[in-house]
Structures are given as C-alpha cells and as structure tokens.
Amino acid sequence: MPLPPQAGCRSPPPSLTPAALVAVAAPSQEQIRREVQDYYGTVLQKSADLQTNACVTRPQPLSAAVRAALESVHEDVASRYYGCGLVIPERLEGSRILDLGSGSGRDCYVLSKLVGESGHVTGVDMTAAQVEVARKHIGYHTEKFGYQTPNVDFLQGYLESLGDAGLQDESYDIVISNCVVNLSPDKRAVLQEAFRVLKPGGEMYFSDVYVSQDLPADVGKHRVLWGECLGGALWWKDLYQIAQDVGFRPPRLVTASPITIDNRALESVVGDCRFVSATFRLFKVPPAGVGGRCQAIYNGGIPGHEQELVFDANFTFKEGEPVDVDEDTADILRGSRFVEMFQIRPGSGQTPAAGGCCPGKAQAKILDPFQLAERLPPKGPAPVPAKCCGPSGCR
C-alpha cells in the first residue's frame with residue numbers, strides 16, 4: 001500500500017529538544033566540510049562510534065566472489081567502514097571505477113578484486129585521516145589478490161570539484177558512492193562532476209540516505225545529524241530532478257530499506273521526518289531516437305548473475321526469457337556495458353504497463369524508495385521486483 005502523502009517534516013517544539021543538540025546558525029558550505037572532516041577524521045574512529053544506524057549496510061545475499069572479496073579486506077580498513085548500502089553493480093571485469101567519498105577504502109578494495117588486475121579503482125575523499133588509512137593498505141591488498149602491481153589509488157579532494165584532484169573528462173566506466181552524497185553541501189555539483197568523468201554509456205551506481213520531504217532548517221544545522229548522514233539527506237523527488245538536469249537518464253531505483261535512528265536525543269530533533277537508505281543507478285546514455293516499446297532478452301553469463309539479473313526494483317531478467325521494456329530501459333541496455341548481454345528486438349505487439357509487464361496485471365512502476373521499503377519483508381535484504389512477463393506470461 002502506498003505511503004500517505006507528507007505535508008512535510010515537522011521538528012518538535014524547542015522545549016522538547018535537548019539544548020546541547022541544537023545548532024544556532026545555518027552552516028556555510030565550508031563549515032559543513034570542516035565539520036564532516038572532523039567527524040570522520042577525529043570523532044569516528046571505528047564503525048561502533050556511530051550514534052545512529054543510518055550509515056550501516058543491511059545484510060543481503062552476496063555472491064561467492066563478493067563474499068570472498070569482502071573477507072579479504074584488511075581489518076583496519078573494514079573497522080572504519082561507514083556505508084548504507086552495497087555498491088557493487090554487475091559486470092565489472094576490466095572496468096575503471098571511481099569511488100566518491102571512499103573513506104578508509106573498503107569498497108575500493110572489494111572492487112579492486114572484482115575488476116581484476118586489468119581494471120582500476122580510484123578512491124576520492126576529502127578527509128586526510130581516511131585517505132591515509134586507505135593508502136596504508138595498498139600493498140597488503142595487492143599481495144592478497146596476487147597482483148603484480150596495484151590496481152587502486154586514493155586521492156584527497158572534494159567531490160564537487162574532481163578536476164582539482166586531476167580527474168579527466170570521460171575517464172571512468174562506473175562511478176560509485178556509498179552514503180556520501182548526503183554529506184555534500186552541493187549535491188548538484190557532485191552529480192554534475194560524476195556525469196563529467198563518466199565515459200559515454202557509463203553508470204553511477206550509488207547508495208545514499210533520503211528523506212520523505214524537505215528537511216526543516218534546524219535539522220540541517222545539526223552537527224551530529226550531518227555527520228550521521230541525516231542532516232544533509234536529499235528529498236528523494238529532488239534526486240530525480242537533479243539527475244536529469246545534469247544529463248543522466250531518469251534514475252533507476254534498485255533497493256530501499258527504512259532507517260530507524262534508535263537514539264532518543266536525535267529522534268527528538270528530527271521530529272516526524274522519515275528516512276530511508278536507497279540504491280539508485282544513473283546512466284549516461286543518450287536517447288537512441290528509435291522510439292516505441294521493445295523486448296529485452298538476457299543472454300545470461302554475467303558472473304554471479306548467470307541465470308537471473310535483478311536490474312532494478314522494476315525489471316528482473318531471466319536467461320532466455322523475453323521481457324517487454326519501455327524505451328528508456330531499452331536505450332540503457334543497448335547503450336551501456338550491458339549491450340553484449342542482451343538481445344533487443346521490437347515489442348510483442350502489446351503495450352507494456354509501467355515497469356515493462358503485462359497490460360492490466362502489473363503494478364505501477366516503483367519510483368518512491370519509501371514505497372519500495374514498505375513492500376519489503378521487515379528484515380528482507382532484497383527488493384520485490386514487479387512481476388515481469390516471460391514466455392509463460394505473467395507470474
């Protein structure tokens with residue numbers, strides 16, 4: 001059942017807000033950067049120091065390759081991990097990947113194993129202490145993975161100005177980010193820079209924290225809530241607008257799970273705002289100009305997804321089964337690194353319902369991460385995709 005519309009997030013009366021937690025002035029962009037650098041460089045020394053569960057990745061099914069890569073990460077790196085999702089898309093072998101807000105480097109090291117020695121992973125973070133930890137363990141992981149030379153490097157810089165860190169136009173196949181965009185005072189600039197450094201056909205695959213409506217000003221001023229990924233959370237509808245403004249195709253919602261703060265003092269500051277962690281994928285793929293509906297047939301073979309590929313919350317592809325897809329999905333599949341993994345052919349003659357499913361029987365395409373989070377089992381790790389059409393019809 002869809003969530004009821006929100007009139008906006010309301011903060012509690014000042015008398016109910018702990019005086020020690022109230023910020024007194026709207027922070028500038030530079031102040032926000034300093035506070036975040038201090039929070040992740042000094043206040044937080046390990047994952048256990050977090051005061052909410054916003055920056056904690058929920059358990060979810062993992063392929064054997066991903067499990068092995070995670071288990072290979074150095075303990076010092078893993079203990080300083082702060083993320084709200086699993087930012088490991090499919091078909092990575094040989095890719096050049098950029099991690100925005102790489103922290104101590106956990107996701108970079110996992111991906112460095114998955115891309116192989118012919119691929120490369122770059123991590124960028126503005127916090128010197130985090131970059132130092134990440135760099136310290138390059139040799140350890142190079143040896144652990146059996147590589148002759150490192151395939152990962154770490155740079156210190158701001159996500160809003162990646163050119164200052166030396167990152168060139170159209171130089172990466174994939175950009176990832178794990179619970180970091182919310183920490184930026186200029187989210188549009190972050191997405192614009194991600195779009196700039198992506199090659200044509202590239203993808204930004206990222207997990208972040210979103211709020212049910214625009215945040216009230218006092219929440220956005222709160223130092224701990226900013227550091228814990230809540231004070232700077234974006235209203236999810238704004239993501240769709242910003243992403244398309246900078247040139248991406250409309251965002252594809254992948255997974256979502258609700259966030260509970262579990263901290264009375266901070267809950268009293270937040271009031272009735274609701275938060276969710278969600279993973280989206282954004283593609284730098286121009287419209288093909290063909291128009292009309294299509295059928296997509298997954299050829300199989302992607303490691304870890306040989307027989308079934310859950311592309312997003314609305315489309316699941318089984319090997320060899322035709323699925324009716326909308327024009328946007330068809331453009332992405334034939335314009336990205338997935339082009340060799342799919343056959344795209346003219347539609348079946350039926351007009352597919354939203355989500356590419358059987359007319360009259362499919363649910364509307366899910367765009368709202370709060371709606372998706374409601375559909376999941378209480379502790380379920382995986383999304384419940386809309387039921388799509390195969391040779392045997394809707395199931």
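The values are calculated or read from the model by the stated rules, or taken from the named source; none is laboratory data. In this text the structure is predicted, and so the values were computed from the model without any measurement. Cβ: placed from backbone, ideal geometry, glycine included. Neighbour counts: every protein chain shown. Just the protein is used for accessible areas: all its heavy atoms, side chains included, with ligands, DNA and RNA removed. Shrake-Rupley method; radii C 1.70, N 1.55, O 1.52, S 1.80 Å.
Structure notes:
- Given (1) in a helix (DSSP H, G or I); (2) farther than 15 Å from Tyr82 by Cβ; (3) aliphatic (A, V, I, L, M); (4) over 20 Å from the mean Cα position of the chain (by Cα), number of the condition Val133 does not satisfy: (2)
- Residue check for Val115: within 20 Å of the chain's Cα centre (by Cα) and at pLDDT 95 or above: yes
- Residues within the stretch 72-105 that are outside any strand (DSSP E or B), open to solvent by 20 Å² or more (accessible area, probe 1.4 Å) and either closer than 18 Å to Met204 by Cα or among the β-branched types (Val, Ile, Thr) (or both), tallied: 5
- Any hit, the stretch 305-323, residues being within 19 Å of Arg249 (Cβ to Cβ) and open to solvent by 60 Å² or more (accessible area, probe 1.4 Å): no
- Qualifying positions in the stretch 164-211 - of a type in the set (S, T, N, Q) and farther than 26 Å from Thr329 by Cβ: Gln168, Ser171, Asn182, Ser184
- Restricting attention to the stretch 218-258, the residues that are more than 15 Å from the chain's Cα centre (by Cα) and at pLDDT below 90 add up to 14.
- Look at the stretch 102-123: where a residue is on the phi > 0 side of the Ramachandran plot and a partner is modelled with pLDDT of 95 or more and open to solvent by 10 Å² or more (accessible area, probe 1.4 Å), sitting 6+ places away or on another chain with Cβ atoms under 6 Å, you get Gly103/Asp125; Gly116/Glu93.
- Pairs with Cβ under 6 Å, 6+ apart, first in the stretch 144-158 and within 8 Å of Glu117 (Cβ to Cβ), second part of a loop (DSSP other than H, G, I, E, B) and open to solvent by 20 Å² or more (accessible area, probe 1.4 Å): Tyr147/Glu117; Asn151/Glu117
- Tally of residues being open to solvent by less than 70 Å² (accessible area, probe 1.4 Å), free of Cβ contacts under 8 Å to residues at least 60 places away in the same chain and among the aliphatic types (A, V, I, L, M) across the stretch 280-295: 1
- One residue from Ser277, Ser212 being under 18 Å from the mean Cα position of the chain (by Cα) and either closer than 24 Å to Gly103 by Cβ or crowded, with 23+ Cβ neighbours inside 10 Å (or both): Ser277
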